[in-house]
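The values are calculated or read from the model by the stated rules, or taken from the named source; none is laboratory data. Keep in mind that this is a model prediction, so the values were computed, not measured. Here Cβ is always computed from backbone atoms with ideal geometry, including for glycine, and neighbour counts include all displayed protein chains.
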Amino acid sequence: EPVVPGWKAWAADRIIDKVFAEAPNDLVVPTDGVFAHNGSNLFPIVDPFVFTREDGVCHTQFFGRPEVRARLIQWLA
């Protein structure tokens, strides 16, 4: 969710929330869609790293976050 949305972001968020039927999303990707059961034998991800709505993280900013980079290093160690 946008942390400090302007009019355009606010309107886009309302429209996208209707498209995703109010499911949590980052304006492009439904949150559960990246770790929940989806038919693949590699899913669901048991211990996903998920930001809260209040964190305001869009998927294009995900890898720029220090906590994401720290978690990747932890997973790869």
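What to note about this one:
- Filtered by the rule that a residue be assigned to a helix (DSSP H, G or I) and either more than 14 Å from the chain's Cα centre (by Cα) or loosely packed, with under 12 Cβ neighbours inside 10 Å (or both), the range 56-77 gives Phe63, Gly64, Pro66, Glu67, Arg69, Ala70, Arg71, Leu72, Ile73, Gln74, Trp75, Leu76.
- The set of residues in the range 18-43 that are at pLDDT 80 or above and surrounded by 12 or more Cβ atoms within 10 Å (Cβ to Cβ) comprises Val34, Phe35, Ala36, Phe43.
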